[in-house]
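Working notes, structure below.
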Amino acid sequence: MKFLFPALIASAVVSAEVIDLGDRRELMIDHYLIDRLDGAELQLQEPHNEGIAFHFDRPHEGAFCAYVTIATLPDGSGYRAYYRGLPEAVPAGSPGEVTAYAESVDGITWSKPDNNIALRDAPWITHNLSVFYDTKPGVPEDERWKALGGLNASGLMRMVSADGLEWHHFMEGVPIFEKIPEDEKRWRYDSQNLAFWSELEQQYVCYFRQVRPIEGIGTHVRLIARATSPDFANWTYEGEMTYRRADGSAAKIEHLYTNQTAAYFRAPHLYVAIAARFLPGRQVLNEAEAKQIGVNPKYFGDISDSVLMTTRGGTIYDRTFMEGFGRPGLGMENWTSRTNYPALNLIQTGPAEMSFFVQKAYGQPNHRLERYSMRLDGFAALHAGYDGGEMVTKPFTFSGEQLEINYATSAAGSIRFELQDEAGEPLPGYALADAREIIGDQIARTATWSGGSSVASLQGEIVRLRVVLEDARLYSFRFY
């Protein structure tokens, strides 16, 4: 048997804040639950490019389509992708901008109806309309679909719909906030500004573009702000979002063009953001290479990729991972300005798979949307190598009778679980010596000990979870 790290009980802080875990699923995506790591780390996972979902190939679409939202239809019949249709590089808010859409039953194969324009002749709003289906109880059926759109000249306006296709104004002419004076460039809105009903917070939340100068970075740094509302009518500005690294220190400020923050569908208390990171003036292609791929001459002087952030409400994004999440990839067409922008929302595309979507070849003849797949819950993982490692959580309480895990090991690897008291002492029957060794690769498996799988006797008690891994990954767990 390989060497196992000793229980980390000497350093346990009995007075640590106790987390009420309930029966919710927790992902190994931040340090919210982690007290100690020894020989293990949180490891960002790599999405897999599954190829083209669809091209922006209608006459009203083209090279400058943008701001894609993937919406799940409420009857479970499939998905709808909304996006700006724009064939030419014209000023924001021009009459040529429309909101178009594509459809899919499974999220993998996409098609478009003969007339796929959902909204036209709505100046400013169609520049960046971002759609969501409202799950708040008691909402009128003709307002179940909601959307935000607008620019600085109009303010951020609201639209509602019964079916997501026929739209009308909500509080017509009244923006979420009063118009900002033209000489104050703080709120620009020239991005994908989004909102959704939060089960966690029991209110609407909105994440939108904010711009301000930051010394050493630029005079117009693209940032994110947050607002909340109880009713979609009255909004409170909560301030600019800040960014925190795993050790609690402030993360480096970067241009974040779109934020794409959404409640994760398997753990809605956790908001996941696959944000477009924009690097203005960081040029890769020369003029000859740009001409070769046919990119618009205005759109090869910058590059971008995406980063992974999380938030649990409030004005802090957790940036445990500063490195790129969706990297540009092979091919000159991926190293141009405003390409690699992710769409809003993830969807499940298989029993063990979820997908998100990314715009490729912006400003080019072959502009398209591509699909990237990941394991369910598999944004990141608690990982230890061949020599082993472990994690001990902060103290928590839970409800549920069993411990379910989403994990993977190598053929030689394993994972085991110990339940401890608040002070870090193993609980009788749940010590590491009692734990059954788990080997394999499953989205859902129940942890067991020599006495079985039940943890019902510990409900409501303050406990810690010790996870011991050897050449293994833990993606998520929950008590149920």
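Every number in this text was worked out from the coordinates using simple rules, so none of it is lab data. Computed from a predicted model, the values in this text were never measured in an experiment. Virtual Cβ from ideal backbone geometry, glycine too; neighbours counted across all protein chains shown.
Using a basic spin-label model with each label point 7 Å from the Cα along Cα→Cβ, how many nm lie between SER111 and GLU50?
In this crude spin-label approximation the distance works out to 1.8 nm.
Have a look at ALA267, ILE34, GLY378 and report the one farthest towards the positive end of the charge dipole of the chain, computed about the Cα centre with Cβ charges (Lys/Arg +1, Asp/Glu -1).
Toward the positive end, the furthest listed residue is GLY378.
For GLU461 and ALA288 in one chain, what is 0.36 nm times their gap in residues minus the Cα-Cα distance, to one decimal in nm?
55.6 nm
With just the Cα atoms defining each centre, how far is the stretch 263-280 from the stretch 104-167? Give it in Å.
20
Simple spin-label model, 7 Å along Cα-to-Cβ: SER453 to GLU401 in nm?
Rounded to a tenth, the inter-label distance reads 1.1 nm.
How do the peptides 254-264, 210-220 rank, highest first, by the average count of neighbouring beta carbon atoms within 10 Å per residue?
Top to bottom by mean Cβ count within 10 Å: 254-264, 210-220.
Using Cα centres only, tell me the gap between the stretch 399-423 and the stretch 309-347 in whole Å.
Centre-to-centre (Cα) distance: 30 Å.
Which whole-Hz ³J(HN,Hα) couplings does the stretch 81-88 yield from phi under the Karplus relation 6.51 cos²θ - 1.76 cosθ + 1.60, θ = phi - 60°, glycine and proline marked x?
9, 9, 6, 6, x, 7, x, 10
Within 10 Å, count the other beta carbons around each residue, average over each peptide in 355-361, 306-312, 449-455, 267-273, and list them highest first. Before the final figure, lay out each step's value.
Numbers: 355-361: 24.4, 306-312: 22.7, 449-455: 15.0, 267-273: 20.1.
Result, highest mean first: 355-361, 306-312, 267-273, 449-455.
Select from SER154, PRO113, ILE214 the residue farthest towards the positive end of the dipole of the stretch 48-375; place +1 on Cβ of Lys and Arg, -1 on Cβ of Asp and Glu, and compute about the Cα centre.
ILE214
Show me the ranking of peptides 416-423, 63-70 by mean Cβ neighbours inside 10 Å, starting with the highest. Could the numbers behind the result be given before it?
Numbers: 416-423: 20.4, 63-70: 23.1.
Descending packing order for the listed peptides: 63-70, 416-423.
Read phi for every residue in the stretch 440-448 and hand back ³J(HN,Hα) as whole Hz from Karplus 6.51 cos²θ - 1.76 cosθ + 1.60, θ = phi - 60°, with x for Gly and Pro.
Once θ is set to phi - 60°, the couplings for the stretch 440-448 become x, 7, 9, 6, 9, 9, 8, 6, 9 Hz.
The stretch 216-257: which trypsin sites (Lys or Arg not before Pro) are DSSP loop and have at most 11 other beta-carbon atoms within 10 angstrom?
Values: sites: ARG222, ARG226, ARG244, ARG245, LYS252; in loops: ARG245, LYS252.
Listed in order of number, the matching sites are LYS252.
Let me have the relative contact order for the stretch 48-375, percent, based on Cα pairs under 8 Å that are six or more residues apart. The partial results should precede the final answer.
Numbers: 863 pairs, mean separation 49.0, N = 328.
Over the stretch 48-375, the number comes to 15 percent.
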